[in-house]
Amino acid sequence: MHLRPRRNRKSPAIRSLVRETVLSAADLIQPLFVHDGTGDVAIESMPGCTRWSLDGLVREAGETHAAGVPAVVLFPAVAESLKSPGAEEAWNPEGLVPRAVRALKEAHPELCVITDIALDPYNSDGHDGLVERQADGSLKVLNDPTVDCLCRQALCHAEAGADVVSPSDMMDGRIAAIRHELDSCGHDEVSILSYSAKYASAFYGPFRGALDSAPKAGDKKTYQMDPANAREALREVMLDESEGADMVMVKPAGPYLDIIARVRETTALPVAAYQVSGEYLMIESAAAAGWVDGRAIALETLTGIKRAGADMILTYYARRAAEWLRE
Ligand code: PBG
């Protein structure tokens, strides 16, 4: 026997020379939840995650950045009293997100601050877009009127100092519209990270619990993608690229590694993948029960997502993974 692949595995030194994928803190983006109250509150539906006050957010973001994570993405928990059918709070310049962005950029100018563009935290219907009730009682999520709202929201975040805006709503045409809005208002340096292939996934459940943002009625299947479809993801990516996206995203990550790999082949743009709340929670709960080694599994899943073709990964493990990788 002269063909022995094991020769390339015989020592840590050789394994490090032949390693094809290296996960690094520099690849990670930390999602952070923020609320308007005082105090930092543990999130029941997502053990290990916190709804930060503005002060707590600034402190946590600073420590995350110091651990080597270059970027954070903000998700606001908005008081029920501020939600409305028109979701107007989404572009209030004194709203929670613009205040958080200003505080973060002032305290940590080098930290990349990404904001989520979608109406669900602000919409009393809990949908990512504006909702119209039909004669038969069903709900219709309106595309073009929603895109107008998303443009206002993106502009509001850009004016507060966001480095990147990240539309997660899946309305058609929103990338071109947001790009045009930002450019015509002097924000041509603000980047767009598009949730291009966002699936209608059961893995978002814990996140909706964290923000009380579950749809009040219906589901998101008329705008988020069918988990059964792959070619459609490539079409979404090509459209977003032609509309001016700077980076594209696949979400969720772990159950969609084939999509990440195919998107990687389809576009020269940077590809992001989002390891979502349900993926995080499955690892955390199995680890808490003592069934698996949570740290090893978390790092293995992140390496797998990178190996599939992701340049960057949004993950609730970002800070912890950065600290583990440093050890
Ligand atoms: C909403 C949004 C969702 C997530 C990020 N932005 C939930 C949804 O689409 O219902 C999910 C993130 C996660 O589950 O970790 N625009």
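Would you check if there is a residue in the range 124-141 being within 30 Å of residue 60 (Cα to Cα), within 16 Å of the ligand (Cβ to nearest atom), hydrophobic (A, V, I, L, M, F, W, C) and within 23 Å of the chain's Cα centre (by Cα)? No.
Of all the numbered requirements in (1) under 28 Å from residue 23 (Cβ atoms); (2) without any contact (Cβ under 8 Å) to a residue 12 or more places away in the chain, residue 74 misses one, and that requirement is (2).
In this structure, residue 24 qualifies as away from the ligand (no atom under 16 Å from the Cβ) and either open to solvent by 50 Å² or more (accessible area, probe 1.4 Å) or closer than 28 Å to residue 252 by Cβ (or both).
In the set (1) assigned to a helix (DSSP H, G or I); (2) more than 30 Å from residue 235 (Cα to Cα); (3) open to solvent by 40 Å² or more (accessible area, probe 1.4 Å), residue 298 fails one condition alone, (3). What about residue 147, is it within 16 Å of the ligand (Cβ to nearest atom) and farther than 29 Å from residue 309 by Cα? Judged against the criteria, residue 147 is a match.
Listed by position, the helices (runs of 4 or more DSSP H) enclosed by the range 173-251 that each have at least 3 residues that are more than 28 Å from residue 81 (Cα to Cα) and open to solvent by 60 Å² or more (accessible area, probe 1.4 Å) are 174-184, 231-243.
Select from the range 1-56 the residues that are aliphatic (A, V, I, L, M) and under 30 Å from residue 121 (Cα atoms) and list them in ascending order. Those that are aliphatic (A, V, I, L, M) and under 30 Å from residue 121 (Cα atoms): 25, 26, 28, 29, 32, 34, 41, 42, 43, 46, 54.
Scanning the range 266-278 for residues that are surrounded by fewer than 23 Cβ atoms within 10 Å (Cβ to Cβ) and polar (S, T, N, Q) yields 266, 267. Please work out if residue 210 is under 23 Å from residue 140 (Cβ atoms) and either of a type in the set (A, V, I, L, M) or more than 8 Å from the ligand (Cβ to nearest atom) (or both). In short, no. When residues in the range 279-295 are screened for being within 16 Å of the ligand (Cβ to nearest atom) and open to solvent by less than 20 Å² (accessible area, probe 1.4 Å), 3 of them pass. Residue pairs whose Cβ atoms lie under 7 Å apart, sitting 6 or more positions apart in sequence or on different chains, and linking a residue in the range 87-103 that is under 16 Å from residue 148 (Cβ atoms) to a partner that is outside any loop (DSSP other than H, G, I, E, B) and of a type in the set (D, E, K, R), are 91/152. So which of 276, 250, 263 is more than 27 Å from residue 51 (Cα to Cα) and either within 16 Å of the ligand (Cβ to nearest atom) or hydrophobic (A, V, I, L, M, F, W, C) (or both)? Of the residues listed, the single one that is more than 27 Å from residue 51 (Cα to Cα) and either within 16 Å of the ligand (Cβ to nearest atom) or hydrophobic (A, V, I, L, M, F, W, C) (or both) is 263.
The values are calculated or read from the model by the stated rules, or taken from the named source; none is laboratory data. Predicted model, so just to flag it, every value in this text is computed and none were measured. As a convention, Cβ positions derive from the backbone with ideal geometry for all residues, glycine included, and neighbour counts pool all protein chains shown. Accessible surface is based on the protein model in full, side chains and every heavy atom, while ligands, DNA and RNA are left aside. Shrake-Rupley method; radii C 1.70, N 1.55, O 1.52, S 1.80 Å.
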